[in-house]
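Trainee: Structure below; questions to follow.
The values are calculated or read from the model by the stated rules, or taken from the named source; none is laboratory data. Keep in mind that this is a model prediction, so the values were computed, not measured. Cβ coordinates were reconstructed from backbone atoms using ideal geometry, including for glycine residues, and neighbour counts include every protein chain displayed. Each accessible area value is taken on the protein alone, full model and side chains, heavy atoms only, with ligands, DNA and RNA left out. Shrake-Rupley method; radii C 1.70, N 1.55, O 1.52, S 1.80 Å.
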Amino acid sequence: EFSKEENVIDENQETSINIKDVAEITKERSNPSDPKNNEVPLDDSKLEGDLRFTVDKKLESYNEHKEDMSHINSNTSKVEASHKEVEEAGVAIATNVDSDGEENSVIDRLTLLRNRLLPLYSEPIPSEEDLSSTIKIIHPLYNSTSPQYKALDWLANVDELELTESDPSLIQRYALTVLYFSTGGPPITFDEKGNPSTSSAFASNGKGAYRAGPWRNAVNFLTPGHECTWKAETRSGGAGGGIRRCDKEKNVVEISIYNDLTGTIPSELGRLWALRALYLGRNHLHGTIPTELGTLTSLSSLSVQWNELTGTIPEEAIGGLISLRALQLEGNVGLHGKVERHGTLCRMRNNYKPETDEDDEKTKPHKRGILRMLTATCTPPSGSLVGDRSDRLVCDCCSECFGY
């Protein structure tokens with residue numbers, strides 16, 4: 001009644017039943033000449049029952065094993081499906097294999113860098129639903145058309161320095177890259193020697209200057225080296241400027257760029273805490289003066305003259321520049337409002353004379369006497385203009401008022 005195969009189950013299993021062994025046992029027990037068997041009569045029905053019981057138990061164990069394997073395979077399929085759903089949702093997953101050969105899922109570089117930069121902004125982080133919809137994303141690190149996102153993308157996917165999210169110089173390199181993209185800097189790639197490629201928007205004319213347009217001079221921005229090397233070469237006469245000076249810890253302390261810049265002054269420059277001089281004069285910048293610059297307590301010179309800036313002068317923010325000695329605003333005919341005689345800027349002037357004790361108290365936090373140069377395109381208080389001109393700047397304490 002049993003199979004004629006050598007094993008009823010798998011021959012590799014310890015409890016397999018060998019039919020030949022059963023036959024031998026049966027033969028021995030049925031041999032009357034063997035003294036051991038004389039006292040034990042052979043019961044074929046009992047033997048058959050025992051064998052059937054053993055086989056049934058073995059089959060039951062085997063089926064349980066198959067059921068367990070089916071459950072494991074099902075879970076594996078669910079995990080694979082889950083990974084697929086995550087990828088389809090736009091969350092990139094990279095796979096690393098550690099020394100033990102185990103796989104670990106880690107977030108891609110762009111996401112890691114973005115998470116590090118998010119605390120710099122107050123805008124709400126968009127939800128997954130927002131990202132998958134057609135609504136305009138306001139957060140600069142999620143809007144692929146913003147200078148901030150372009151800078152993030154460059155740092156994550158192009159920059160050969162490959163800074164990690166924990167690198168202390170990440171914020172500085174990011175802020176300067178945002179400056180580049182905010183002021184008309186076109187996309188740029190580099191060859192293996194760190195030179196602009198022939199397909200770059202910065203194709204050289206062989207004389208150290210690049211084609212006409214924003215950032216037309218070679219100032220080495222976005223090259224693979226440290227950002228302190230992002231400046232014009234000496235052989236070009238320094239045309240275009242760049243990062244003029246860094247301290248011994250490689251913190252940027254002086255920026256001077258006159259390179260036909262367009263666009264706006266990015267608020268991220270307020271993160272360059274060691275900055276002492278910022279010169280962006282004689283370009284084509286528009287928009288307002290960012291209030292975030294008021295956090296630069298080491299800044300002694302701010303020059304944004306001869307641009308196309310508009311709005312009012314952010315006096316309260318500039319009042320935080322306790323080391324400021326020179327503020328040049330002339331040539332921006334779109335600036336308007338009034339710089340009051342006892343307002344913040346005038347109290348910062350070296351020749352300010354308080355008229356009351358209250359004025360004197362307000363002056364102390366601003367190191368009275370430090371701001372020696374305050375120039376603007378303005379109307380002096382005794383100007384010849386008749387009537388109130390709200391589209392012009394009136395300055396009660398400028399060291400020089402340039403005419404309209």
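Trainee: Return the residue satisfying two criteria in turn: it lies in segment 355-382 and is hydroxyl-bearing (Ser, Thr, Tyr) and over 39 Å from the mean Cα position of the chain (by Cα), and of such residues it is modelled with the lowest pLDDT.
Mentor: Per the criteria, the residue is Thr363.
Trainee: Could I ask something else about it? Which residues, taken from segment 259-274, are open to solvent by 10 Å² or more (accessible area, probe 1.4 Å), within 16 Å of Leu309 (Cβ to Cβ) and part of a helix (DSSP H, G or I)?
Mentor: Ser267
Trainee: Still on this structure, I have one more. What pairs can you find where one residue is in segment 369-380 and at positive phi and open to solvent by less than 30 Å² (accessible area, probe 1.4 Å), the other is outside any loop (DSSP other than H, G, I, E, B) and among the aliphatic types (A, V, I, L, M), and their Cβ atoms are less than 9 Å apart, with a gap of 6+ or different chains?
Mentor: Gly369/Met348
Trainee: While we're here: Specify which of the listed residues (Leu141, Leu131, Leu155, Leu112) is open to solvent by less than 50 Å² (accessible area, probe 1.4 Å), assigned to a helix (DSSP H, G or I) and of a type in the set (A, V, I, L, M).
Mentor: After ruling out the rest, the residue left standing is Leu155.
Trainee: Further question on the same structure: Mind counting the residues in segment 335-354 that are closer than 24 Å to Thr377 by Cα, assigned to a loop (DSSP other than H, G, I, E, B) and either among the polar types (S, T, N, Q) or modelled with pLDDT under 90 (or both)? It would help to see each step written out before you state the result.
Mentor: Here is the first cut: in segment 335-354, the residues closer than 24 Å to Thr377 by Cα are 335-353.
Then drop every residue that is not assigned to a loop (DSSP other than H, G, I, E, B), which leaves 340-343, 350-353.
Add one more test, that the residue is either among the polar types (S, T, N, Q) or modelled with pLDDT under 90 (or both), and what stays is 350-351, 353.
So the count comes out to 3.
Trainee: Next up: Between Ser204, Ser199, Ser127, which is of a type in the set (S, T, N, Q), more than 29 Å from Leu272 (Cβ to Cβ), more than 19 Å from the chain's Cα centre (by Cα) and at pLDDT below 95?
Mentor: Details: Ser204 fails: more than 29 Å from Leu272 (Cβ to Cβ); Ser127 fails: more than 19 Å from the chain's Cα centre (by Cα).
That would be Ser199, the only listed residue that is of a type in the set (S, T, N, Q), more than 29 Å from Leu272 (Cβ to Cβ), more than 19 Å from the chain's Cα centre (by Cα) and at pLDDT below 95.
Trainee: I'd like to check which strands (runs of 3 or more DSSP E) are fully inside segment 276-316 and have at least 3 residues that are among the charged types (D, E, K, R) and either modelled with pLDDT of 95 or more or open to solvent by less than 20 Å² (accessible area, probe 1.4 Å) (or both). First the steps, then the outcome.
Mentor: Details: elements: 277-279, 301-303, 308-312.
The strands (runs of 3 or more DSSP E) meeting that bar number zero.
Trainee: Evaluate segment 298-311: report whether one residue or more is hydrophobic (A, V, I, L, M, F, W, C) and over 31 Å from the mean Cα position of the chain (by Cα).
Mentor: The answer is yes, given that some residue of segment 298-311 is hydrophobic (A, V, I, L, M, F, W, C) and over 31 Å from the mean Cα position of the chain (by Cα).
Trainee: As an exercise: evaluate Thr95 against (1) modelled with pLDDT of 90 or more; (2) not in a loop (DSSP other than H, G, I, E, B) and give the number of the one condition it does not meet.
Mentor: With respect to (1) modelled with pLDDT of 90 or more; (2) not in a loop (DSSP other than H, G, I, E, B), Thr95 is out only on (1).
Trainee: Mind listing whichever residues of segment 221-253 are on the phi > 0 side of the Ramachandran plot and modelled with pLDDT of 90 or more?
Mentor: So the first thing to find is which residues in segment 221-253 are on the phi > 0 side of the Ramachandran plot, and the list is 222, 237-238, 240-242, 250.
Within segment 221-253, Leu222, Gly241, Gly242, Lys250 meet the criteria.
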